[in-house]
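Reviewing the structure listed below.
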Amino acid sequence: MIDQSAAVGVGSRARRTDREHEDKLVQRACSGDGEAFSELYERLADRVYRYVYFRVTDGETAEDLTSKVFLKAWEHLPTYRHSNSPFVAWLYTIAHNTLVDYYRTNRQTTHLEEIAALPARDASPVEQTDQRLEAQSLRRALNELTPTQRDALTMKLIDGMSTSEIAMRLQKTEGAVRALQMRALQSLEGILKKNEKEFASWISDQ
C-alpha cells in the first residue's frame, strides 16, 4: 500500500528542487546568460502563451504577443528582483501590460464569449466544429460568473497557475482561493447544464 504522506513529501521536494533550479536559471539570465534565458523560455513559454491566448482573438496574435513578452523580459531583466513569487508571475505582469498596450493600439475589446479556441490541427472539420462549440459554450458560461470567480478559474485551468500563485495575484489566502474555486466550479456546472438544456430546446424548435 502506498504511503500517502511519503508520496506528498516526495512531490513537495520535487517542486522545491524544480523551483531552486529555476531560480538559478533566473540568476544566470540576469547576469546576461542567453542560454539560461532560452531554457526559461522553453520551460515557461506555454504558460505565457495560454495566458495571452485566452485574452486575444487568435493563435497568431497570441504567438506574436508571447514573443514580445519574452523580448521585454530579456530587455528588463536588470530590473528583476527575486521574491517569494515565481519568475512566471513577473512574466504574467509583463504579459498583462503587453495586452493593455495591444488593445490600446488596436482600440478593440474582446469578451470571453467572442474568443474561439483553436481546434487540433489534425481534427476533421466536424471535430473542429465540435471543439469550437464546446470552447464557446465554456467561455460563455465563464462570463456568467463573478469577475473574481472567473479570474480564479481561468488562472487555474487556463493559465496553469498554482494555488499559491493565484493567492498572491488575488491577494487572498490559499484557503480562500480554494473555496472560491469550489464555488466557481459549482456555479459553472449549473450554468453549463442550464445552457445545454436551452440549446437542446432551441434545436427541437428548428
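The values are calculated or read from the model by the stated rules, or taken from the named source; none is laboratory data. From a predicted model like this one, the values you see are computed outputs, not experimental measurements. Using ideal geometry, Cβ is built from the backbone for each residue, glycine included, and neighbour counts are taken over all protein chains shown.
General observations
- Set side by side, the residues Arg50, Arg55, Arg104 differ, and just one is of a type in the set (Lys, Arg), in the same structural domain as Ser31 (by TED's automatic domain parsing), modelled with pLDDT under 90 and outside any helix (DSSP H, G or I), which is Arg55.
- All positions within segment 68-101 that are of a type in the set (S, T, N, Q), modelled with pLDDT of 85 or more and farther than 13 Å from Tyr51 by Cα: Thr79
- Complete set of residues in segment 26-67 that are hydrophobic (A, V, I, L, M, F, W, C) and more than 13 Å from His96 (Cα to Cα): Val26, Ala29, Cys30, Ala36, Phe37, Leu40, Leu44, Ala45
Here's the yes/no breakdown for (1) more than 24 Å from Tyr92 (Cα to Cα); (2) assigned to a loop (DSSP other than H, G, I, E, B); (3) at pLDDT below 85:
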| position | (1), (2), (3) |
| --- | --- |
| Leu138 | no, no, yes |
| Leu153 | no, no, yes |
| Asp159 | no, yes, yes |
| Val177 | no, no, no |
| Arg183 | yes, no, no |
| Lys194 | yes, no, yes |
| Lys197 | yes, no, yes |
| Ser201 | yes, no, yes |
| Ser204 | yes, no, yes |
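- Cβ pairs under 9 Å, 6+ apart, first in segment 13-37 and outside the structural domain of Met161 (by TED's automatic domain parsing) and at pLDDT 90 or above, second of a type in the set (D, E, K, R) and not in a helix (DSSP H, G or I): Leu25/Asp33; Gln27/Asp33
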